[in-house]
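Quick notes on the structure that follows.
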Amino acid sequence: MRLENRIALITGAGRGIGRAIAEAYGREGAKVAVADLTLESARETVAAIEQAGGTAMALKMDVTNEEEVDVNVNYVVKQWGGLDIALANAGVQHIDPVHKLAFSDWSKVMSVHLDGAFLVTRAALRHMYQGGGGTMLYMGSVHSLEASPLKAPYVAAKHGMLGLCRAVAKEGAEHGVRSNIICPGFVRTPLVDKQIPEQARELGISEEEVISKVMLKNTVDGEFTTLEDVAELAVHLAAFPSAALTGQSIVVSHGWHMQ
Ligand code: NAD
C-alpha cells in the first residue's frame, strides 16, 4: 500500500472526483477525513471506504467558512495525531458570458475555489509545519492553464489556485511541505453533467455537440478523463517520496492540454 498510515483530508469528497480520490486513498492505507457541505454525503463516502476495509471520518465543512475549516482541521489532528496530506478539491462551476455574469455568481465561484483553497491550506500548514512536513494538493483543471468561453470565474479561480500552489511550494520547502496541482480535462461528474445542457443553450448547439465539439474537441482520442485516472494521479502525488516534485501542475486530459 502506497499511503499506509498517512493521514489525509479531502474537501468536497462526498461525491465526484473527491470521493474517488478518498476511496483510492483508503484502499492505499491512508486514514481519510472526508469533508463536504453535508454530513450525509461525507458519510456515504466514509461508508464506502469502511466497506472496503479502510479507515475514514466524515466532516461537515463549508470551505468558505473560516471557523468551520479551522475547527475541523484541528479536530482531525486531535483525533488522529497529525495531518500528512490535504487536498483542496471542493469546487463549483458557473456558465455565463462575462458581460451577463452576476457579481454574486463571480464571487461564489471565486470564493469556493480560492478562499476555500487558502483556508484549507492555512489550517493544514499550521499542523504540517509543526509535524515536520506534508503534502498539499490542489484540484486545478486544464482551466488552470488555458481558458474557455463562458467560464470566466472558473478559469480565473483555477489560474489562482495554480499561483497559490506555487507560492506554497516556495514557502513550504523549508518546513518539508511539497505542493502540487492536479489539472484534469473533462471528467463525467455532476459538475460536468449540469453544464452540458447549459452550454448547449448558450452556444445554440446540441448536447452531443457540446461533448464532441467543445469538451473533447482537442483531446487526442475523443475520450473523457476518468475518475480512476485522476485518483491514480492523486495517489502518485501524495506518495511521491521527495521534494523533487513540488510546485508542479500535472495535466491529466487525454492530451487536450500539452505543456
Ligand atoms: P462535483 O460537483 O461532483 O463535486 C464537487 C463537490 O464539492 C461536491 O460534493 C460539493 O458538495 C462540494 N462543494 C461545493 N462547494 C463546497 C463548499 N463550499 N464547501 C465544501 N464542499 C463544497 O464536482 P467534481 O467534478 O467532482 O469536481 C471536483 C473538483 O474537480 C472541483 O474543484 C472541480 O473544479 C475540479 N475539476 C473537475 C473536472 C471535471 O471535469 N469534473 C475537471 C477539472 C477539475
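For the range 228-240, in order, what is each residue's ³J(HN,Hα) by Karplus, 6.51 cos²θ - 1.76 cosθ + 1.60 with θ = phi - 60°, in whole Hz (x at glycine and Pro)?
Here the 3J(HN,Hα) series is 5, 4, 5, 5, 4, 5, 5, 5, 4, 5, 5, 8, 4 Hz.
Hey, rough spin-label estimate for residue 107 and residue 194, points 7 angstrom out along Cα→Cβ, what's it come to in nanometres?
Computed distance between label sites residue 107 and residue 194 equals 1.9 nm.
Residue 96 to residue 147: FRET efficiency via 1/(1 + (r/R0)^6), r the Cβ-Cβ distance, R0 25 Å, to the nearest 0.05? Each step should come with its number before you reach the end.
Working: r = 14 Å, r/R0 = 0.57.
Between residue 96 and residue 147 the formula returns 0.95.
Let me check against my output: what whole-number percent is the relative contact order of the chain, with C-alpha pairs under 8 Å and at least 6 apart?
Details: 529 pairs, mean separation 47.4, N = 259.
Relative contact order comes out at 18 percent.
Charges at C-beta only: +1 for Lys and Arg, -1 for Asp and Glu. How large is the resulting dipole of the chain about its Cα centre, in Debye rounded to 20? Could you put the intermediate results ahead of the total?
Details: 23 positive and 30 negative charges, 92 e Å.
Roughly 440 debye for the chain.
Please list, in order along the range 52-58, the HN-Hα scalar couplings obtained from phi with the Karplus expression 6.51 cos²θ - 1.76 cosθ + 1.60 (θ = phi - 60°), rounded to whole Hz, x for Gly and Pro.
With coefficients 6.51, -1.76 and 1.60, one gets 8, x, x, 10, 7, 9, 9 Hz.
Under 14 Å from a label point 7 Å along Cα→Cβ of residue 245: give me every residue in the range 144-184 with its amide N that close.
Residues passing the 14 Å test: 178-183.
Got a number for carbon plus sulfur as a percent of the chain's accessible area, 1.4 Å probe?
The computed percentage sits at 51.
Say a paramagnetic label sat at a point 7 Å from the Cα of residue 221, along Cα to Cβ; which residues of the range 150-192 have their backbone N under 16 Å from it?
Under cut-off, by backbone N: 185-188.
Taking H as built 1.01 Å from N, whose amide H comes closer than 5 Å to the amide H of residue 55, not counting residues under 5 places away?
Correct list: 32.
Quick query: amide H of residue 249 versus all other amide H atoms, modeled in the peptide plane; which residues come in under 5 Å with a sequence gap of 5 or more or a different chain?
Amide H neighbours of residue 249: 181.
Cut-off 10 angstrom, C-alpha nodes, Gaussian network model of the chain. Which of 180, 72, 218 fluctuates the most?
Evaluated over the chain, the most mobile residue of the options is 218.
Karplus couplings for the range 127-142 from phi (6.51 cos²θ - 1.76 cosθ + 1.60, θ = phi - 60°), rounded to Hz, Gly and Pro as x?
7, 4, 5, 5, x, x, x, x, 10, 9, 10, 10, 8, x, 5, 3
Hey, can you find the accessible area per residue of the chain for me, probe 1.4 Å, expressed in square angstrom?
Per-residue value: 45 Å².
Could you list, in their original order, any pairs among 100/151; 60/170; 31/108 whose Cα atoms are separated by more than 20 Å? All intermediate terms of the calculation are to be shown ahead of the outcome.
Numbers: 100/151 12 Å; 60/170 31 Å; 31/108 31 Å.
Pairs exceeding the cut-off: 60/170; 31/108.
The values are calculated or read from the model by the stated rules, or taken from the named source; none is laboratory data. Bear in mind the structure is a predicted one, so any value in this text is a computation, not a measurement. Backbone-built Cβ (ideal geometry, glycine too); neighbour counts: all protein chains shown. Just so you know, the surface numbers come from the protein's heavy atoms only, side chains and all, with ligands and any DNA or RNA stripped out. Shrake-Rupley method; radii C 1.70, N 1.55, O 1.52, S 1.80 Å.
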